[in-house]
Amino acid sequence: MTVVPPSFDLLPGDPASPVILHVPHSAREVPDDVRPGIVLDDAALERELDHITDAHTAAIAEEAARAARVTPWRFVNRLSRLVVDPERFPDEREEMLAVGMGAVYTRTTHKDVLRPDGFDAGPLIERYFHPYASAMTEAVSDRLAATGRCVIVDVHSYPTAPLPYELHAGGPRPPVCLGTDPFHTPPALLDTAREAFARCGGTGLDSPFAGTYVPLRYYGKRAEVTALMVEIRRDTYMTEPGGPAHEGVTRLASALASLVDAV
């Protein structure tokens, strides 16, 4: 029997910390047995990975964790979101299905074909999506049991210029976009984040991306699980698309550490 290693890492923090830094889109890895289902040639796939990957966000979270007074926990996806996107609904509830970007993408950021029509997403959902969701759910459960609450901070990035797949590209694109949920993002958490990231050029709210990630077991049910999405505009810390990071990483990591310490 072949044992498939986990496609994610749960990196322990301080037992007393309620915070999980969730980094779902930072990786570029596509397993060899997944690659044949993608119709792009190698050069086109690399270009797509440049556009779709939230590059260096794992490094920002890691540096923030080191700088925080109380070390947060980190849940990091080690595979590209082109394998599965763990933050999508795996069914018809997902609005991104309209552009071929449900839990398993069939179209690219530029609306080209990524996987052929009729592609069976079921095996990828079973192998990667469900284990990821279960592990993240258990990580939240552990923080609730240990501290009585859990604070999920999603660490993302987004391009300076809109990409064709974006459904809500007409609004502001601030240096840091804070995504919220009416149930899981209390005003105090949002205010704390605004203060923490003020040094990074300012913040906006729910534009160009909105919402937060909360495991379905707790979504809309447990107010002790709070959540915030931190979307960082890529020009503030890297060369676009897919290029190296620059000194902005340290400034953003320091701000994220301040948020972690404050909550």
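What the table shows:
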{"item": "Kirkwood-based shape ratio for segment 16-78, expressed as Rg/Rh from alpha carbons", "result": "1.13"}
{"item": "Protection proxy ranking, peptides 146-158, 198-210, average beta carbon neighbours within 10 Å, highest first", "result": "146-158, 198-210"}
{"item": "Dipole magnitude (debye, nearest 20) for segment 1-70, charges at Cβ of Lys, Arg, Asp, Glu", "result": "340"}
{"item": "Estimated vicinal HN-Hα couplings, Hz - segment 53-60 in sequence order (Karplus 6.51, -1.76, 1.60; Gly, Pro = x)", "result": "7, 7, 4, 6, 5, 5, 5, 4"}
{"item": "Solution diffusion estimate, µm²/s, Stokes-Einstein, segment 43-104, Kirkwood Rh from C-alpha pairs, 10 °C, viscosity 1.306 mPa s", "result": "115"}
{"item": "Equivalent-ellipsoid semi-axes of segment 152-236, from the Cα gyration tensor, Å, largest first", "result": "22, 16, 9"}
{"item": "Calculated from backbone phi, Karplus (6.51, -1.76, 1.60) coupling profile of segment 213-219 in Hz, x at Gly/Pro", "result": "10, 9, x, 4, 4, 10, 5"}
{"item": "Theoretical gain in end-to-end length, Ser141 to His51 [0.36 nm per residue, Cα-Cα removed]", "result": "29.0 nm"}
{"item": "Reference-scaled alpha-carbon Rg (2.2 N^0.38 Å with N residues) for segment 89-204", "result": "1.31"}
{"item": "CD proxy at 222 nm, helix term only [per DSSP H run n ≥ 4: -39500 (n - 2.57); per residue of the chain; nearest 500]", "result": "-8000 deg cm²/dmol"}
{"item": "Size-normalised alpha-carbon gyration radius of segment 69-143, reference 2.2 N^0.38 Å", "result": "1.26"}
{"item": "Dipole of segment 110-263 [Lys/Arg +1, Asp/Glu -1 at C-beta], most positive-end residue of Leu163, Pro186, Ala121", "result": "Pro186"}
{"item": "Amide H within-cut-off set for Ile152, under 5 Å, with H built and near neighbours excluded", "result": "Ile20, Thr226, Ala227, Leu228"}
{"item": "Zone of Ala98's modelled label, taken as backbone nitrogen in segment 152-179 under 15 Å from a point 7 Å along Cα→Cβ", "result": "164-171"}
{"item": "Lys, Arg +1 and Asp, Glu -1 on Cβ, resulting dipole of the chain about Cα centre, debye, nearest 20", "result": "620"}
{"item": "3J(HN,Hα) from dihedral phi, segment 114-130, Karplus parametrisation 6.51/-1.76/1.60, rounded to Hz, x for glycine, proline", "result": "9, 10, x, 4, x, 4, 8, 7, x, x, 5, 4, 5, 6, 10, 5, 5"}
{"item": "Extreme residue, positive dipole direction of the chain, given options Leu82, Leu11, Ala196 (C-beta unit charges)", "result": "Ala196"}
{"item": "Kirkwood hydrodynamic radius of segment 9-158, from inverse mean 1/r over distinct Cα pairs, in Å", "result": "16.3"}
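A short reminder: the numbers here are calculations on the coordinates, not readings from a lab. These numbers come from a predicted model, not from an experiment. Reconstructed Cβ throughout: ideal geometry from the backbone, glycine too, with neighbour counts over all protein chains shown.
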